[in-house]
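For reference, the structure discussed in these notes is given below.
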Amino acid sequence: MLVCDGLGDRPSVDGTTPLQAAYTPNLDKLSESGINGLLDVIAPGIVPGSDTAHLALFGYDPYQYYPGRGVFEALGADMELHKGDVAFRANFATVDENMRVLDRRAGRKGSNELADVLNGLEIDGIKISLRNTTQHRCAMVLKGEQLSRYVSDVDSHEAGDFVQECKPLHDGEAERKTAAIVNKFVKKSYELLNDHPVNAERRAKKELPANIILLRGAGTFEEIISLKERFGFSAACVAGASLYKGVAKYLGMDVLPVEGATGKGDTNLRNKAGAALHALEEHDFVFIHVKDTDNSGHDGNFEAKKRIIERVDEELVARLKDADAYLAVTGDHSTPVTLKRHCSDPVPLLIKGAGVRTDGVKNFNEFAVASGGLCRIRGVDLMPMLADYMGYYVMYGT
Ligand SMILES: [Zn+2]
């Protein structure tokens, strides 16, 4: 299953979408030899986040299974989680002495040394782990008794605001306790980081100090039924960005290391194709994720989105299309360059493989697939369909 993040779009340049404008002979060939349709990844009118969207694509109703974003970030950062742990997305930021946020990304530069200062702290009997992942981004885990994910973010998302206080979102002991620990941790992070030699050096170089940790997206870890338990097949993940690796781990996939897979525009798609084909030798199902289609949508950059789609076609799909496997290609949501955000427009979907019906669709894009044989289905229905094609079906009744 190849998922191009934020693939769907709306007509803009010359009345076309980036997918329509892109030269994609390999994807078009797949459309012609397979079955096509539109996918409402969560439901019509629901704007999916990338995290909830991927749960749906793997057959997990996100309203039942979503643990909160922080859990995926921590798993994607290779942090160990146990039942009841609460995880956050975290980032280094720059604040002044009045706790006004000067840059919520600390100049997009993190530091392992500064993360180590905070990693292993204990506050009120709760153990804290912090790991710097990429640039200013981190993941944080709270371990201990009676914690809750139902606390507010301390990241205001805007420079110029004061650091927000973490508040319980429900009136409960665990929520009050978690919020109190978060507030103490954020204060402590400033105390320990502000005058640290790493930041003295950064200031001397006219760089922004990374002098506080801001937290958001709390999630509670619990073990859920794995893909293998649900559908009976083994699964592997080929992705660059940590969120997707985290979702894959949560569902019990093997997350494969891929040289040069960065989750950005410079990602090595040929290596991803190679890793996916190699993974198929030992796994029944391989999930391949490409992030940059979404990044270029958020940037409002039509040309960049068209270019990454053409690269996917030439460097990835060209190599996957002849594999002895079923191949599904879709997106996790639409990120139109005109909106620069996710929206609820359904995404194109194609499935090709032995015995799959054809439908006369000859081009893979938002408009052509609408007349395909799959019509318009929901995200959670995709995985059971693929499982049946693969022979891992469960009959209902006799
Ligand atoms: Zn996404």
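Amide H contacts for Asp103 (H built 1.01 Å from N in the peptide plane; partners 5 or more residues away or on another chain; cut-off under 5 Å): Thr94.
What a 1.4 Å probe finds exposed on region 277-339 is 40% carbon and sulfur by accessible area, rounded to a whole percent. Rg/Rh for region 166-283 (Cα atoms only, Rh after Kirkwood) is 1.13.
Over all other residues within a Cβ to Cβ distance under 10 Å of Cys138, the charged ones net out to +2, with Lys and Arg as +1 and Asp and Glu as -1.
Report summary: the helix-based calculation at 222 nm, which adds -39500 (n - 2.57) for every DSSP H run with n ≥ 4 and divides by the residues of the chain, gives -8500 deg cm²/dmol.
Starting from the residue with the highest accessible area, list Lys167, Lys206, Lys321, Lys305 in decreasing order, probe 1.4 Å.
On the way: Lys167 110, Lys206 185, Lys321 50, Lys305 0 Å².
Sorted descending by solvent-accessible area, the residues read Lys206, Lys167, Lys321, Lys305.
Whole angstrom only: what separates the Cα centroid of region 19-62 from the Cα centroid of region 264-293? Taking the Cα centre of each part, region 19-62 and region 264-293 sit 17 Å apart.
Whole-Hz Karplus values for region 356-372 come out as 6, 5, 9, 9, x, 6, 10, 10, 8, 7, 4, 8, 4, 5, 4, 9, x Hz, taken residue by residue from phi with 6.51 cos²θ - 1.76 cosθ + 1.60 and θ = phi - 60°; glycine and proline positions read x.
Return the whole-Å distance between the Cα centroid of region 219-259 and the Cα centroid of region 323-357. So the two Cα centres are separated by 20 Å. Listed by chain and number, the lysines whose alpha-carbon sits under 21 Å from that of Lys143, ignoring those within fewer than 8 places in the same chain, are Lys83, Lys127, Lys167, Lys177, Lys184, Lys187, Lys188, Lys249.
Cross-link reach is defined here as a Cα-Cα straight distance under 17 Å, omitting same-chain residues fewer than 8 places apart; for Lys306 the lysines meeting it are Lys264, Lys291, Lys340. Measuring nothing but how far apart in sequence close Cα pairs (under 8 Å, 6+ apart) lie, relative to its length, region 287-384 scores a relative contact order of 21 percent.
For the chain, the per residue solvent-accessible surface stands at 43 Å², with DNA, RNA and ligands left out and a 1.4 Å probe. The dipole here belongs to the chain: it is taken about the Cα centre, uses +1 on the Cβ of Lys and Arg and -1 on the Cβ of Asp and Glu, and is about 520 debye.
Compute the signed sum of charges (Lys and Arg +1, Asp and Glu -1) over the other residues within less than 14 Å, Cβ to Cβ, of Asp40. The partial results should precede the final answer.
Values: positive: Arg376, Arg378; negative: Asp61, Asp332, Asp345, Glu366, Asp381.
Net charge in that neighbourhood comes out at -3.
Listed by chain and number, the aspartates and glutamates whose C-alpha is less than 19 Å from the C-alpha of Lys205, apart from same-chain residues fewer than 8 away, are Asp96, Asp103, Glu113, Asp195. Applied to region 318-334, the Karplus parametrisation 6.51 cos²θ - 1.76 cosθ + 1.60 on θ = phi - 60° returns per-residue 3J(HN,Hα) values of 4, 8, 7, 5, 9, 5, 7, 7, 7, 10, 10, 10, 7, x, 9, 4, 8 Hz, with x for Gly and Pro. Give the relative contact order (percent, whole number) for the chain; include only Cα pairs under 8 Å separated by 6+ residues. The normalised contact order for the chain reaches 31 percent. Put simply, the amide H of Gly232, placed in the peptide plane, has no neighbours under 5 Å, leaving out anything fewer than 5 places away on its chain.
Note on Thr220: accessible area is roughly 30 Å² with a 1.4 Å probe, heavy atoms of protein only. Taking GluC sites (Glu not before Pro) across region 74-149, the ones in a DSSP loop with at most 13 further Cβ atoms lying within 10 angstrom of their Cβ are Glu80, Glu97, Glu145. Here the Kirkwood formula puts the hydrodynamic radius of region 340-398 at 13.4 Å, using every distinct Cα pair. Scalar couplings 3J(HN,Hα) for region 81-88, obtained by applying the Karplus form with A = 6.51, B = -1.76, C = 1.60 to θ = phi - 60°, are 10, 10, 3, x, 5, 10, 10, 10 Hz; x denotes Gly and Pro. Between the residues Gly353, Val290, Phe92, the greatest Cα displacement towards the positive end of the dipole of the chain, with unit charges on the Cβ of Lys, Arg, Asp and Glu, is found for Phe92.
For region 148-272, what relative contact order do you get, as a whole percent, if you take Cα pairs closer than 8 Å and at least 6 residues apart?
The value is 17 percent.
The values are calculated or read from the model by the stated rules, or taken from the named source; none is laboratory data. If you're wondering where the values come from, they're calculated on a predicted model, not measured in any experiment. So basically every Cβ, Gly included, is an ideal-geometry build from the backbone, and we count neighbours across all protein chains shown. The accessibility values were calculated without ligands, DNA or RNA, using every heavy atom of the protein model including side chains. Shrake-Rupley method; radii C 1.70, N 1.55, O 1.52, S 1.80 Å.
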